[in-house]
Amino acid sequence: MSQVSTLRGPVEKAVDNTRFRVFTQRDLERIPQLAQLESEQRLAMKVVSSVLPFRVNDYVIDHLIDWSKVPDDPIFQLTFPQKEMLLPEHFERMAELYKRDAARDEIQAMASEIRRELNPHPAGQMQLNTPLGRDGLPIEGLQHKYRETVLFFPSQGQTCHAYCSFCFRWPQFVGDKSLKIATTEASRLHGYLRDHKTVSDLLITGGDPMVMKTKHLKQYLEPLKNPGLEHVQTLRIGTKALSFWPQRFVTDADADELLYLLEDLVEAGKHVALMAHYNHWRELDTDIAERAIKRIQETGAVIRSQGPLLAHINDDADDWLHMWNRQIGLHIVPYYMFVERDTGARHYFEVPLHRAWEIYRDAMRRVSGLGRTARGPSMSAGPGKIEIQGVTEVQGEKVFVLRFIQGRNSEWVQRPFFAKYDEKATWLNHLKPAFGEEKFFFEDEYEEICSLRGAIQQAGGA
Ligand SMILES: *Cc1c(COP(=O)(O)O)cnc(C)c1O
């Protein structure tokens, strides 16, 4: 019957790393490789990880990080806290508490205070994107920003196999409940989708939905085959498991069941896409990563890749070129290059927009046409996904050429517009309209949408 079954069988001996074991802040001392660092560095890790989430596993430690290159190793930077990820004033405030052996409560209170200063919900995610149900009440765990795609955050999928140090959804992983977005209500999801026939895509995200047991994932996905939901054509699953825990698709107890589920959805006529988060070609370089990719593809699901451009990790055109080429070789479709968002440790990872475009272009011009499906560099901002198309001069004025890839109003999509060139700008809010204009073409309408939405939410008691 199934192609997947032919893929069963013994896993190569080289891959003995099949037991999932995680390390969090409390376990820093138990990671043998950290012993090679200065005690000051280890303390800094403790300080930073009391504010920003930290979680890593054996596979990342033993197979992805090159410990001879630490601290510059990109995967080390991607997963381990670094002192400079906190602003100096925040770092000092927290380090002070550790130095005088402050109580846990005090540390937690300080952590919450600092987190609130880190723009925990950029782009109005909570206020603007949570849709209302038939009863007029917001449906927690859903975001509906662009007409055709609904985002769903299943409550069992709000963690990851390891955390990225730059994560833009970092508030999901720290204690403050008020900052979380999640639901267990599969039926509310399906009800909402039934009521919205313009929705063609469901994007299950997190956290990482692939941390869920297959039987939970099934509860969300299987009913999408039912009558009344034919318009939901595409099921996308956002994940970093292909990098951080490829065992999920190969050796985990319910790996086969997961692949059968994907295959079943494909056979039911759905387009199933794994939106794989990749930051570096090294994540593609282990045997088990490759094996996981092949197994997923054998189900008929497509893997597309996306990820942000980050200082200290991948701000180099050669790395992007190499990564996209590897992905083409593995039948993965490059999809987006993102600009690091304006939240969390952004000051550490951000790359000026003009530089981001240069890196994108330098990699793009050298990759095969099949790799040029990667759009970007793209900012996921309040009004939409805005791509930097380039830097040029128009009648003597140096400008950024921009366009909406996605817009809160679909009328904005694909409309080019211009901003004054600014060498330091790292995000949309740093940009000013070019040619002496006062506002960008979408600004008035965007403000209107925001204030309307605020009024509705107040009336709904949210
Ligand atoms: C990126 C994104 C989507 C999907 O947009 P596509 O252009 O279809 O990939 C949907 N919702 C939100 C909030 C997004 O940021």
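The values are calculated or read from the model by the stated rules, or taken from the named source; none is laboratory data. None of these values were measured; they are calculated from a predicted model. Glycine also receives a Cβ, built like all others from the backbone with ideal geometry; neighbour counts cover every protein chain displayed. Heads up: the accessible areas ignore ligands, DNA and RNA and are worked out on the full protein's heavy atoms, side chains in. Shrake-Rupley method; radii C 1.70, N 1.55, O 1.52, S 1.80 Å.
For region 209-236, the set of residues classified as part of a loop (DSSP other than H, G, I, E, B) and aromatic (Phe, Trp, Tyr) is empty.
Look at Asp101 and say whether it is open to solvent by 70 Å² or more (accessible area, probe 1.4 Å) and either of a type in the set (Ser, Thr, Tyr) or on the phi > 0 side of the Ramachandran plot (or both). Spelling it out, Asp101 is indeed open to solvent by 70 Å² or more (accessible area, probe 1.4 Å) and either of a type in the set (Ser, Thr, Tyr) or on the phi > 0 side of the Ramachandran plot (or both).
Out of curiosity, is Gly329 away from the ligand (no atom under 16 Å from the Cβ), under 30 Å from Thr251 (Cα atoms), touching an Asp or Glu at 6+ places or on another chain (Cβ under 7 Å) and among the small types (Gly, Ala, Ser)? For Gly329, the condition - away from the ligand (no atom under 16 Å from the Cβ), under 30 Å from Thr251 (Cα atoms), touching an Asp or Glu at 6+ places or on another chain (Cβ under 7 Å) and among the small types (Gly, Ala, Ser) - is not met.
Reported count of residues in region 53-107, each being assigned to a loop (DSSP other than H, G, I, E, B) and charged (D, E, K, R), is 5. Return the residue satisfying two criteria in turn: it lies in region 392-431 and is open to solvent by 50 Å² or more (accessible area, probe 1.4 Å) and among the hydroxyl-bearing types (Ser, Thr, Tyr), and of such residues it is farthest from the chain's Cα centre (by Cα). Taking the candidates together, the pick is Thr392.
Among the candidates Ala276, Ala268, Ala255, the residue that is of a type in the set (A, V, I, L, M, F, W, C) and open to solvent by 40 Å² or more (accessible area, probe 1.4 Å) is uniquely Ala268.
So for region 127-137 (the condition being surrounded by fewer than 17 Cβ atoms within 10 Å (Cβ to Cβ), of a type outside the set (Lys, Arg) and within 16 Å of the ligand (Cβ to nearest atom)), does at least one residue qualify? Yes, region 127-137 contains at least one residue that is surrounded by fewer than 17 Cβ atoms within 10 Å (Cβ to Cβ), of a type outside the set (Lys, Arg) and within 16 Å of the ligand (Cβ to nearest atom).
Within region 195-228, the residues that satisfy the criterion of being of a type in the set (Asp, Glu) and either farther than 15 Å from Leu274 by Cα or within 15 Å of the ligand (Cβ to nearest atom) (or both) are Asp195, Asp201, Glu222. With respect to Gln389, is the statement that it is open to solvent by 50 Å² or more (accessible area, probe 1.4 Å), in contact with a strand residue (DSSP E or B) (Cβ under 6 Å, 6 or more places away or on another chain), at pLDDT 95 or above and closer than 24 Å to Val351 by Cβ true? Here the answer is yes, as Gln389 does meet what is asked. Among the conditions (1) more than 16 Å from the ligand (Cβ to nearest atom); (2) buried (at least 20 other Cβ atoms within 10 Å of the Cβ); (3) modelled with pLDDT under 90, the only one that Arg169 does not satisfy is (1). Please verify whether Leu128 is touching a Lys or Arg at 6+ places or on another chain (Cβ under 6 Å) and within 30 Å of Ser187 (Cβ to Cβ), treating the condition exactly as stated. The answer is yes for Leu128.
Look through Lys213, Lys218, Lys240 and report the one residue that is open to solvent by 10 Å² or more (accessible area, probe 1.4 Å) and over 27 Å from Ile75 (Cα atoms).
It is Lys218.
Of the numbered criteria (1) more than 21 Å from the chain's Cα centre (by Cα); (2) more than 30 Å from Lys213 (Cα to Cα), the one Leu86 fails is (1). Does any residue of region 341-353 turn out to be over 29 Å from Leu128 (Cβ atoms) and more than 16 Å from the ligand (Cβ to nearest atom)? No, the conditions are met nowhere in region 341-353. Here is the figure for region 138-162: residues that are away from the ligand (no atom under 16 Å from the Cβ), in contact with a helix residue (DSSP H, G or I) (Cβ under 6 Å, 6 or more places away or on another chain) and either of a type in the set (D, E, K, R) or part of a loop (DSSP other than H, G, I, E, B) (or both) total 4. What do you reckon, is Met110 in a helix (DSSP H, G or I), hydrophobic (A, V, I, L, M, F, W, C) and surrounded by 20 or more Cβ atoms within 10 Å (Cβ to Cβ)? So Met110 does not fit the description; no. Those strands (runs of 3 or more DSSP E) of region 371-462 in which 1 or more residues are polar (S, T, N, Q) occupy 375-380, 384-394, 397-407.
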